[in-house]
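J.: Just dropping this structure here.
The values are calculated or read from the model by the stated rules, or taken from the named source; none is laboratory data. Only a predicted model underlies this, so the values are computations on that prediction, with no experimental measurement involved. So basically every Cβ, Gly included, is an ideal-geometry build from the backbone, and we count neighbours across all protein chains shown.
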Amino acid sequence: MAKHTVVTMPGDGIGQTVLAESLRVLDAVGFDAQYVHADIGWDFWVNEGNPLPDRTIDLLREHKLGLFGAITSKPKVQAKKELKPELQDKGYEYFSPIVNMRQLFSLDICIRPCRSFPGNPLNFVRQKAGGGLDEPKVDAVIFRQNTEGLYCGIEWTNPPQVVRDAISTHPKHKAFAEIPNEEIAISMRLFTRNACRRIVRAAFEYAQKHNYGSVTICEKPNVLRETSGMMEEVGREVQREFSGIELWSTNIDAQMMWMTKSPEDYGVIVAGNMFGDIISDAYAGLVGGLGFACSGNIGDDVAVFEPTHGSAPKYQKLEPSIVNPIAMVLSAAMMLDHVGEIDAATRIRNGVAAVVEEGEVRTYDMQRLPGGPKVIEQGAASTTQLTDAIIAALG
């Protein structure tokens, strides 16, 4: 009997490709696991009216560990149009299955490491004052609150009168008082003190364990005074328990500028759902793009690991596949960390680092080529070739 059981959810597009590649790496490193396939994604929305079927929820509830590929999500109107005819006008509403999964299992701690690998031609570089180029080491780990904020899913178009009556009690509503309901859309940004405390504490504990000197709360408290203000207030409370770690505060807009000037200044960063999504993608751009962006969604009982890139359906049917599997492979390494298989996780990361630094095997993105069927002819490695190189470098 295998030591671990992992629920594998390939999802849509290239998620199906890269997840399979990550399983090859896990097998090569000797991870003792059985894999249980689970359905998720756009096809299940179209054919069942549910992109996260109950049978998948049951598997996650049973096994508590998941590896996820990628998802296709489309706007509300288009999603409804693509439902099969017999499901049309039956009241089905599309909601992102990965967001739904995070909320169902309270996967409120999202960790997104963004670290540069030496030798990666996509790494951030800047010009030195005296001439020449400087390539700072980027080592940022974003802690994103995963279940609240603007992604909490509380939204209305043409809000019911009870909602309109409630928000009309706020003095700032006066500017919108004469606008008809049918011309208004509302999305709620909701923070709770307990969720803020959990994400901030997780960030400080990580900083302490991995010897980071600071935790930065990246929000917008000068404008979003109540929600961002709560995150900052909780940050000050938690920091008192970690006297050796400084608490910094930045505004999301200013942070986006500072990170492209001095990205090495920042280590552990905490943000709400939307700002955490933005800043983690921005930092990923400094270390090679979304082809290197891994993440973990962690709750008290269940954890799901995934790359942060999308499903890129235009690349799904290319033969051979050309997409970069590293983000998925690094997400699998995060899963190994989570279950205590630290040596295996380290071997995977070292294998990736060795292949990147050697520079002999690079997918199209690492060669700065426009994606398409001709990149293999131009010297780019296929997805399988890059995975093969990582496996060969595991040691």
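J.: Give segment 267-294 a look and list any residue that's under 17 Å from Tyr151 (Cα atoms) and either assigned to a strand (DSSP E or B) or more than 15 Å from the chain's Cα centre (by Cα) (or both), or say none. Give the derivation first.
T.: Kept after step one, since they are under 17 Å from Tyr151 (Cα atoms), are these residues of segment 267-294: 270-281.
Once the filter is applied, which keeps residues that are under 17 Å from Tyr151 (Cα atoms) and either assigned to a strand (DSSP E or B) or more than 15 Å from the chain's Cα centre (by Cα) (or both), segment 267-294 yields Val270, Ala271.
J.: With the checklist (1) farther than 22 Å from Ile298 by Cα; (2) in contact with a Phe, Trp or Tyr (Cβ under 7 Å, 6 or more places away or on another chain) in hand, flag the one item Pro221 doesn't pass.
T.: Evaluating Pro221 over (1) farther than 22 Å from Ile298 by Cα; (2) in contact with a Phe, Trp or Tyr (Cβ under 7 Å, 6 or more places away or on another chain) leaves (2) as the failure.
J.: Filter segment 245-266 down to residues that are free of Cβ contacts under 8 Å to residues at least 12 places away in the same chain and part of a loop (DSSP other than H, G, I, E, B), then give me how many there are. If you could, list the steps in order and put the result at the bottom.
T.: First pass over segment 245-266, keeping only residues free of Cβ contacts under 8 Å to residues at least 12 places away in the same chain: 254, 257-258, 265.
Adding the requirement that they be part of a loop (DSSP other than H, G, I, E, B) leaves none.
Residues that pass the stated criteria total 0.
J.: Right, here's the next one. For segment 202-235, which positions are of a type in the set (Lys, Arg) and surrounded by 19 or more Cβ atoms within 10 Å (Cβ to Cβ)?
T.: Within segment 202-235, just Lys220 meets the criteria.
J.: Continuing with the same structure: Within segment 37-50, is even one residue touching a Gly at 6+ places or on another chain (Cβ under 7 Å) and either more than 30 Å from Met366 (Cα to Cα) or surrounded by 21 or more Cβ atoms within 10 Å (Cβ to Cβ) (or both)?
T.: Start the filter on segment 37-50 by keeping residues that are touching a Gly at 6+ places or on another chain (Cβ under 7 Å), which leaves 40-41.
Narrowing further to those that are either more than 30 Å from Met366 (Cα to Cα) or surrounded by 21 or more Cβ atoms within 10 Å (Cβ to Cβ) (or both): 40-41.
Scanning segment 37-50, I find at least one residue that is touching a Gly at 6+ places or on another chain (Cβ under 7 Å) and either more than 30 Å from Met366 (Cα to Cα) or surrounded by 21 or more Cβ atoms within 10 Å (Cβ to Cβ) (or both), so the answer is yes.
J.: Considering (1) under 30 Å from Asp301 (Cα atoms); (2) in contact with a His (Cβ under 9 Å, 6 or more places away or on another chain), say which one Asn324 fails and leave the rest.
T.: Failed condition: (1).
J.: Taking segment 1-22 as the search range and keeping residues that are touching a Leu at 6+ places or on another chain (Cβ under 8 Å) and among the hydrophobic types (A, V, I, L, M, F, W, C), which one is farthest from Asp343 (Cα to Cα)?
T.: Going through the qualifying residues, I end up with Met9.
J.: Give me the pairs, please: first residue somewhere in segment 98-109 and closer than 14 Å to Gly149 by Cα, second residue anywhere and among the hydroxyl-bearing types (Ser, Thr, Tyr) and surrounded by 23 or more Cβ atoms within 10 Å (Cβ to Cβ), beta-carbon distance under 6 Å, and either six or more positions apart or on two chains.
T.: From segment 98-109, the pairs are Arg102/Thr147; Gln103/Thr147; Asp108/Thr147.
J.: Considering only segment 102-128, state which residues are within 19 Å of Ser280 (Cα to Cα) and outside any loop (DSSP other than H, G, I, E, B).
T.: The initial filter retains those residues of segment 102-128 that are within 19 Å of Ser280 (Cα to Cα), namely 102, 107-117, 120, 122-125.
Answer for segment 102-128, where residues must be within 19 Å of Ser280 (Cα to Cα) and outside any loop (DSSP other than H, G, I, E, B): Arg102, Ile109, Cys110, Ile111, Arg112, Pro113, Cys114, Arg115, Asn123.
J.: Another question, if that's okay. I'm trying to understand the selection: among the residues of segment 87-121, which are among the hydrophobic types (A, V, I, L, M, F, W, C) and either over 26 Å from the mean Cα position of the chain (by Cα) or farther than 26 Å from Val270 by Cβ (or both)? Walk me through how you get there before you give the answer.
T.: Just the residues of segment 87-121 that are among the hydrophobic types (A, V, I, L, M, F, W, C), to begin with: 87, 95, 98-99, 101, 104-105, 107, 109-111, 114, 117.
Scanning segment 87-121 gives a single hit, Leu87.
J.: Would you mind finding the one in Leu133, Leu65 that is hydrophobic (A, V, I, L, M, F, W, C) and in contact with a helix residue (DSSP H, G or I) (Cβ under 8 Å, 6 or more places away or on another chain)?
T.: On the way: Leu133 fails: in contact with a helix residue (DSSP H, G or I) (Cβ under 8 Å, 6 or more places away or on another chain).
That would be Leu65, the only listed residue that is hydrophobic (A, V, I, L, M, F, W, C) and in contact with a helix residue (DSSP H, G or I) (Cβ under 8 Å, 6 or more places away or on another chain).
J.: If you take the residues of segment 315-336 that are touching a strand residue (DSSP E or B) at 6+ places or on another chain (Cβ under 7 Å) and among the small types (Gly, Ala, Ser), which of them is nearest to Tyr364 (Cα to Cα)? Can you show your working first?
T.: First, pick out the residues of segment 315-336 that are touching a strand residue (DSSP E or B) at 6+ places or on another chain (Cβ under 7 Å): 327-328, 330-332, 334-335.
Filter once more, so that each one left must be among the small types (Gly, Ala, Ser): 327, 331-332.
Working: Ala327: 15, Ser331: 21, Ala332: 22 Å.
Within segment 315-336, the match that is nearest to Tyr364 (Cα to Cα) is Ala327.
J.: So, one more: Specify the residue that is surrounded by the fewest Cβ atoms within 10 Å (Cβ to Cβ); the eligible residues are those in segment 1-22 that are among the aliphatic types (A, V, I, L, M) and either within 16 Å of the chain's Cα centre (by Cα) or not assigned by TED's automatic domain parsing to the domain that holds Leu336 (or both). Give the derivation first.
T.: We begin by selecting, within segment 1-22, every residue among the aliphatic types (A, V, I, L, M); these are 1-2, 6-7, 9, 14, 18-20.
With either within 16 Å of the chain's Cα centre (by Cα) or not assigned by TED's automatic domain parsing to the domain that holds Leu336 (or both) added as a condition, the list becomes 9, 14, 18-19.
On the way: Met9: 28, Ile14: 28, Val18: 30, Leu19: 24.
Per the criteria, the residue is Leu19.
J.: Moving to a separate point now. Inspect segment 129-139 for any residue being at pLDDT 95 or above, in contact with a strand residue (DSSP E or B) (Cβ under 9 Å, 6 or more places away or on another chain) and either among the aliphatic types (A, V, I, L, M) or not assigned by TED's automatic domain parsing to the domain that holds Gly213 (or both) and give the result as yes or no.
T.: Scanning segment 129-139, I find at least one residue that is at pLDDT 95 or above, in contact with a strand residue (DSSP E or B) (Cβ under 9 Å, 6 or more places away or on another chain) and either among the aliphatic types (A, V, I, L, M) or not assigned by TED's automatic domain parsing to the domain that holds Gly213 (or both), so the answer is yes.
J.: Moving to a separate point now. Report whether or not Met230 is part of a helix (DSSP H, G or I) and either more than 16 Å from Asp139 (Cα to Cα) or of a type in the set (Ser, Thr, Tyr) (or both).
T.: Values: part of a helix (DSSP H, G or I): yes; either more than 16 Å from Asp139 (Cα to Cα) or of a type in the set (Ser, Thr, Tyr) (or both): yes.
Yes.
Residue-wise test of (1) touching a strand residue (DSSP E or B) at 6+ places or on another chain (Cβ under 8 Å); (2) within 26 Å of Thr383 (Cβ to Cβ); (3) not charged (D, E, K, R).
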position: Thr8; (1), (2), (3): yes, yes, yes
position: Gln16; (1), (2), (3): yes, yes, yes
position: Asn50; (1), (2), (3): no, no, yes
position: Asp58; (1), (2), (3): no, no, no
position: Gly66; (1), (2), (3): yes, yes, yes
position: Lys74; (1), (2), (3): no, yes, no
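J.: Further question: Mind listing just one residue for me: the one in segment 295-354 that is β-branched (Val, Ile, Thr) and within 13 Å of Gly69 (Cβ to Cβ) and, of those, surrounded by the fewest Cβ atoms within 10 Å (Cβ to Cβ)? Before you say what the answer is, go through the steps one by one.
T.: Looking only at segment 295-354, we keep the residues that are β-branched (Val, Ile, Thr), and these are 298, 302, 304, 308, 322-323, 326, 329, 339, 342, 346, 348, 352.
Checking the rest, the ones that are also within 13 Å of Gly69 (Cβ to Cβ) come to 304, 308, 323, 329.
Values: Val304: 25, Thr308: 20, Val323: 26, Val329: 27.
Taking the candidates together, the pick is Thr308.
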